[in-house]
1. Among the lysines, which fall within straight-line cross-link reach of Lys39, defined as a Cα-Cα distance under 26 Å, with same-chain neighbours fewer than 8 residues apart omitted?
2. Can you give me the distance in nm between label points at Ile90 and Lys113, each placed 7 Å from the Cα along the Cα-to-Cβ direction?
3. Using modelled backbone amide H atoms (1.01 Å from N, in-plane), which distant-in-sequence or interchain residues come within less than 5 Å of Phe79's amide H?
4. Scan region 65-147 for trypsin sites (Lys or Arg not before Pro) in coil per DSSP, keeping those whose Cβ has at most 15 other Cβ atoms within 10 Å, and list them by number.
5. Quick one: grab the alpha carbon gyration tensor of region 63-117, order the square roots of its eigenvalues as a ≥ b ≥ c, and give me rounded if a/c is under 1.5, else prolate or oblate depending on whether a/b is larger than b/c.
6. Tally Lys and Arg at +1 and Asp and Glu at -1 over the other residues with C-beta under 10 Å from the C-beta of Phe65: what net charge comes out?
7. For region 30-103, just run the numbers: alpha carbon Rg, then divide by 2.2 N^0.38 Å, N being how many residues it has.
8. Longest segment of the chain with no GluC sites (Glu not before Pro) in a DSSP loop having at most 15 other Cβ atoms within 10 Å?
Amino acid sequence: MAESIVPMSTEHLEPCVELYMKVFNSEPWNESWTPETAKERLADLMHTPHFMGFFWENHGTPIGFIAGHRKVTDQGPAFYLAELCINNAIQGKGYGSQLLRFLEEQLRKNNVKSLYLLTSHGGPAESFYRKNGYAVHHNRMVMGKKL
């Protein structure tokens, strides 16, 4: 199969799990995903109501994936971008930006009015999203509590 971006489905779960662990267990994230926890996270996301995701591969080698879900808001449909994952070997070469633009195009076709996401302050993900036209939403803040 040649290079293609296709709707993400359960047939893509295993390659996405492998890619997810490879990317997020490496620099700069240094997380500790196992096959079980990564699979549960991605399977849960895929089963979220109004899920939309896309898987990109080139001749059987995963380039990356992007996924989230649509939510209803008082301003119209919004999309929560939960995951964007690009193969470590090709990061920084424009693939993430291409995949993000592809998602944005699909969302516009589906009359989605806005897109939002969560990311860490000051890291490479923040600069990536800023470079792609995203800004900090000054009316919102992330709050959490350790249990």
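We did not get these values from a lab; they are worked out from the coordinates using the rules stated. Note that the structure is predicted; figures quoted are calculated from it, not measured. With ideal geometry, Cβ positions are generated from the backbone for all residues, glycine too; neighbour counts draw on all protein chains shown.
1. Lys22, Lys71, Lys145, Lys146
2. It is 3.6 nm.
3. Excluding prolines and chain starts, which carry no amide H, the hits are Lys71, Ser114, Leu115, Tyr116.
4. Lys93, Lys113, Arg140, Lys145, Lys146
5. On the way: a/c = 3.35, a/b = 2.28, b/c = 1.47.
Prolate is the answer for region 63-117, as a/c is 1.5 or above and a/b outweighs b/c.
6. Working: positive: none; negative: Glu57, Glu83.
Here the charged neighbours net out to -2.
7. Values: Rg = 13.7 Å, N = 74, 2.2 N^0.38 = 11.3 Å.
Dividing the Cα radius of gyration by 2.2 N^0.38 Å gives 1.22.
8. Working: sites that count: Glu3, Glu31.
After excluding every exposed loop site, the longest remaining stretch is 32-147.
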